[in-house]
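**Student:** Dropping a structure here in structure tokens format, bear with me for questions.
The values are calculated or read from the model by the stated rules, or taken from the named source; none is laboratory data. All values derive from a computational prediction rather than experimental measurement. Cβ placement follows ideal geometry from the backbone for every residue including glycine, while neighbour counts extend to all protein chains displayed. Remember, those area values only see protein heavy atoms, side chains included, never the ligands or the DNA or RNA. Shrake-Rupley method; radii C 1.70, N 1.55, O 1.52, S 1.80 Å.
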Amino acid sequence: IHVHSPEIWLQAESLGLAVTNPAVAYGTTEMADEFAHMIRCGRLTSNVISMGGHEDGIVCWGETLDKAGELMLQLARQVGMTASNI
């Protein structure tokens, strides 16, 4: 799942999320390489990556779409978002 969430993106490091290099542009093969490198090198603490070079960009994944969605909702709650502003 790819969402735009300034609330999560701005707090990515304090949430312990992996953050891509801000110099790597969104939508490029370099971004795909950055994701692959982060996954291979074990730099992830969860199935979530904040896109440092794509303002507000957050990507998460799971075994199912429902599990990925629940992960995103958990992050939203952690940053103080409520059901009315998610």
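**Student:** At Ser46 and His2, where each label point lies 7 Å from the Cα along Cα→Cβ, what is the point-to-point distance in nanometres?
**Tutor:** Each label point is offset 7 Å from its Cα along the Cβ direction, giving 2.1 nm.
**Student:** Tell me, what is the per residue accessible area of the range 2-79 in Å², probe radius 1.4 Å?
**Tutor:** 58 Å²
**Student:** Where the accessible area of the chain is counted over protein heavy atoms with a 1.4 Å probe, how much of it, in %, is carbon and sulfur?
**Tutor:** Whole-percent figure for carbon plus sulfur exposure: 53.
**Student:** Of all beta bridges DSSP finds with both residues in the chain, what is the antiparallel percent, to the nearest 5?
**Tutor:** Here the antiparallel bridges make up roughly 75 percent for the chain.
**Student:** Is there a quick way to get the dipole size of the chain? I mean about its Cα centre, with the Cβ of Lys and Arg at +1 and of Asp and Glu at -1; what is the value in debye to the nearest 20?
**Tutor:** 180 debye
**Student:** Cα axis of helix 29-40 to longest principal axis of the chain: angle in degrees, 0 to 90, nearest 10?
**Tutor:** 80 degrees
**Student:** So, one more: Using θ = phi - 60° and the Karplus relation 6.51 cos²θ - 1.76 cosθ + 1.60, list the HN-Hα couplings for the range 47-54 in order, rounded to whole Hz, with x at every Gly or Pro.
**Tutor:** Per residue, the Karplus-derived 3J(HN,Hα) values read 8, 9, 10, 8, 8, x, x, 9 Hz.
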